[in-house]
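Just below is one structure, and these are the notes that go with it.
Computed from the coordinates by the stated procedures, all read-outs in this text should not be read as laboratory data. Computed from a prediction, not measured in an experiment: that's the story for all the values here. Glycine gets a Cβ as well: all are built from the backbone with ideal geometry, and neighbour counts include every protein chain shown.
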Amino acid sequence: MFQARTKADTLKELVTVVSILVDEAKFSIDANGISLRAVDPAHVAMVDLKLSKDAFESYTADETDLGVDVSKLDQFLRLAKSGDLVDLYHDEDKRRLNVTVGNTTKKMSLIDTTGMSEPKVPNLSLPAKVTLKIDEMSQGIRASESVSDHIALTATPEYFEIVCEGDTDQVQMKLSKDQLIELEVKDKVRSLFPLEYFSNMMRAIPPQSKLTLRLGNDYPVKLEFEIAGGKGNVTYLLAPRIESGD
Amino acid sequence: MFQARTKADTLKELVTVVSILVDEAKFSIDANGISLRAVDPAHVAMVDLKLSKDAFESYTADETDLGVDVSKLDQFLRLAKSGDLVDLYHDEDKRRLNVTVGNTTKKMSLIDTTGMSEPKVPNLSLPAKVTLKIDEMSQGIRASESVSDHIALTATPEYFEIVCEGDTDQVQMKLSKDQLIELEVKDKVRSLFPLEYFSNMMRAIPPQSKLTLRLGNDYPVKLEFEIAGGKGNVTYLLAPRIESGD
Amino acid sequence: MFQARTKADTLKELVTVVSILVDEAKFSIDANGISLRAVDPAHVAMVDLKLSKDAFESYTADETDLGVDVSKLDQFLRLAKSGDLVDLYHDEDKRRLNVTVGNTTKKMSLIDTTGMSEPKVPNLSLPAKVTLKIDEMSQGIRASESVSDHIALTATPEYFEIVCEGDTDQVQMKLSKDQLIELEVKDKVRSLFPLEYFSNMMRAIPPQSKLTLRLGNDYPVKLEFEIAGGKGNVTYLLAPRIESGD
């Protein structure tokens, strides 16, 4: 069984983080909380999320998997105002997730999870670590959106830099070590990424978050941040775009 | 003759309530105020409205009918800020309604009312009466919008309920007697309605209104509420959608 | 060389004023400030703008012309919040204008100015002068937008009037001498103008501005106003629409 109550804002954070990559996801539920791992249809990005039962006002769960249409859940949660509580209840007989906001309940048919992939987080050696405020990063990403469709992230022992190189224009955001919360880099690393994913992630990560990037050389990037006021944590993994030789 | 001054907000309420059903309407004006009755082009819903002369700062009128393009009036009134006054003047020679906001006057050609229908409010026996806050109702209606195109309203001696049944999902909003302002029901009644009309009505009814529903069994519904701080009242009448037997 | 720092709001005002007429413009820069003159592609309207170096926090410039894509600059400046500072730097080697907001720099390729026209402000005798608050004017223009695509401006020794005559409806905004800041008119003048340009200008002129109109009879109109809190001034010149005789 699964029955839980939480702040609408907490559930909205979870759903927003997931819905930029997939419409449907498998929620793995046990006595400790909810975890979720999903890969976007283009197999470019993965989200790996854990939300502790401490993020809930009340929480009772046996181990179970729920296939949830996160875009429908997202839409329903827009009815909830900040501060509202949301009740979740797994109706096992009818194979539904019942979500209640105020006096309104949406009974959502669960999706069959047998066809859903079980993505594994690849074992990556990402030597550079950069921690910064999400708002700093967002400005550089937003400025890049009109210039090109990919960005280069560079980390050196002295600075972290985003560069977006267009046909005629260039956007550059450079943060020196003292403008960052943390910078742990031995050797300079640089990787190129599709901009669109970064744009969506910037919109999904809660504002004012502390964001940790783990980077390598022509390697995927990990973006790590907290949700639910620290009672949940999320890792995005994004594949690099390999520069062609010409 | 007809010459009147009122708060822009009052006139906006009137126009919003009417414009969700019709683009043009006949305003019946006499010494006591304005009344209006109109049926939407699909003949599914009717609005029946009275606005007392007490809703006006000043009001002088002989009995007359004015055919008004309410969607044009709606558009013009958007120029008015909350607290602005609006002057109305019937220019009989030029067959125009002159509407003034600030220093700007829109002189609107009146529409010939001879072709306009004179809808009669049907004599209906609607045994169940439910009074609630519009905001409670709105949440249930909005949640239903993504699920199906019709809703069932049910009233029993114990509760009032909206149910929207989709192919896979269901939305339910249930308010027990103590969550309602008033509930007068002898025998359970239930009728099905097109959702789109309810959605539009929820947007047109002033927020924080007290809404009274009068219901029967597979029968039309009446929605009664006040406008202009109680100096006007409106009834919407909406035809049921009869469920097919299969 | 050219290097300057200013409030983002100042630069946004300049860019907004220009971008309603052209996408690209030649900024003429010298030790005293920036000036700019441009004609829209339809040759109906001209903007003539001067921004003093006093509008800048710091300003160093030799005489130079910079061809700037103002719509790209407009887009980039949206990243800046009210109160943010913007740095401008002309990179002569790379033929770029570098614009910095916070830690993000957009390096914009300059446009070749050799093909750009050098519009001359025609010598016009516009005998009537009307000064009013932009907000008064805006309301009349906005009300006209749903009625017709041109407006008549009339100035007499007693009043200033906008009239928009549609097929069925008419909008009129009339301000008597005592509702205006200034009215200097010997003989009545009246000219007809394309409404769309006025609509765009109303949106581009900073709110709460004092606007001076200079009018003649079937003649262009000049709109004069300040930007940057008085440290810049702008003149729009708009060609009349000549009424056909029939």
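Under the simplified labelling scheme, the B:GLU182-A:ILE242 pair shows an inter-label distance of 7.5 nm, with each label point 7 Å from Cα along Cα→Cβ.
A quarter of the convex hull surface defined by the alpha-carbon atoms of chain C gives 14.4 nm² as the mean projection. A simple charge model with +1 on the Cβ of Lys and Arg, -1 on the Cβ of Asp and Glu and nothing else charged puts the dipole of the range C:128-238 at about 460 debye relative to its Cα centre. Shown is the FRET efficiency for A:GLU165 and A:SER125, computed with R0 = 25 Å from the Cβ-Cβ distance and rounded to the nearest 0.05: 0.40.
Other protein chain C-beta atoms within 10 Å of residue C-beta, averaged over B:163-175: 5.
The label-point distance for B:THR64 and A:ARG5, in a model that sets each label 7 Å from Cα toward Cβ, rounds to 6.1 nm.
Taking the empirical scaling 2.2 N^0.38 Å for compact globular proteins as reference, the protein assembly as shown has a Cα radius of gyration ratio of 1.18.
Taking a point 7 Å from the Cα of B:ASN32 along the Cα-to-Cβ direction, the residues of the range B:38-59 with backbone N closer than 15 Å to it are B:49-55.
Restriction of the chymotrypsin sites (Phe, Trp or Tyr not before Pro) in the range B:1-109 to DSSP coil positions whose beta-carbon has at most 12 other beta-carbons within 10 angstrom yields no sites.
May I ask which residue of A:SER144, A:ALA25, A:ALA4 lies farthest towards the positive end of the charge dipole of chain A, with charges of +1 (Lys, Arg) and -1 (Asp, Glu) on Cβ and the Cα centre as origin? It is A:ALA4, whose Cα lies furthest towards the positive end.
Calculation over all alpha carbon pairs of the range A:82-128 in 10 angstrom steps from 0 returns a P(r) of 21, 28, 22, 19, 10, 0 percent.
By the count of other C-beta atoms within 10 Å, a proxy for reagent exposure, B:ARG96, B:ARG5 are ordered fewest to most as B:ARG5, B:ARG96. Across the range C:2-109, C-alpha contacts under 8 Å between residues 6 or more apart give a mean separation that, scaled by the residue count, equals a relative contact order of 32 percent.
Our compactness index for the range B:2-109, the C-alpha radius of gyration over the empirical 2.2 N^0.38 Å, is 1.00. Each semi-axis of the equivalent ellipsoid for the range A:76-205 is √(5λ) with λ an eigenvalue of the Cα gyration tensor; in descending order they amount to 40, 19, 16 Å. Each pair of Cα atoms in the range C:128-238 enters the Kirkwood radius, and Stokes-Einstein at 10 °C and 1.306 mPa s then converts it into a translational diffusion coefficient of 114 µm²/s. Placing +1 on each Lys and Arg Cβ and -1 on each Asp and Glu Cβ, with no other charges, gives the protein assembly as shown a dipole about its Cα centre of roughly 1320 debye. Distance check, please: which entries in A:LYS26/A:LYS129; A:LYS129/C:LYS81; A:LYS53/A:LYS177 exceed 32 angstrom between their Cα atoms? From the list (A:LYS26/A:LYS129; A:LYS129/C:LYS81; A:LYS53/A:LYS177), the Cα-Cα distance tops 32 Å for A:LYS53/A:LYS177. Look at the dipole of the range C:2-109 built from charges on Cβ: of C:ALA61, C:TYR89, C:HIS43, the Cα furthest out on the positive end belongs to C:TYR89.
Here the range B:2-109 is assigned +1 on the Cβ of each Lys and Arg and -1 on the Cβ of each Asp and Glu. Its dipole about the Cα centre then comes out at about 340 debye. Listed by number, the DSSP H helices of chain C that run 27 Å or longer by alpha-carbon position along their axis and have mean Kyte hydropathy of at least 0.5 come to an empty list.
Each helix, a run of at least 4 DSSP H residues, gives -39500 (n - 2.57); summed and divided by the residues of the protein assembly as shown, these come to -5000 deg cm²/dmol at 222 nm. Could you tally the net charge around B:LYS120, taking each other residue with its Cβ under 12 Å from the Cβ of B:LYS120, Lys/Arg +1 and Asp/Glu -1? Local charge sum for B:LYS120: -1.
Here is how far apart the B:ASP135 label points are across copies: 3.0, 3.0 nm, shortest first, using a point 7 Å from Cα toward Cβ.
The amide H of C:SER191, built 1.01 Å from its N in the peptide plane, has C:LEU153, C:ASP218 as neighbours under 5 Å, considering only residues 5 or more places off or on other chains.
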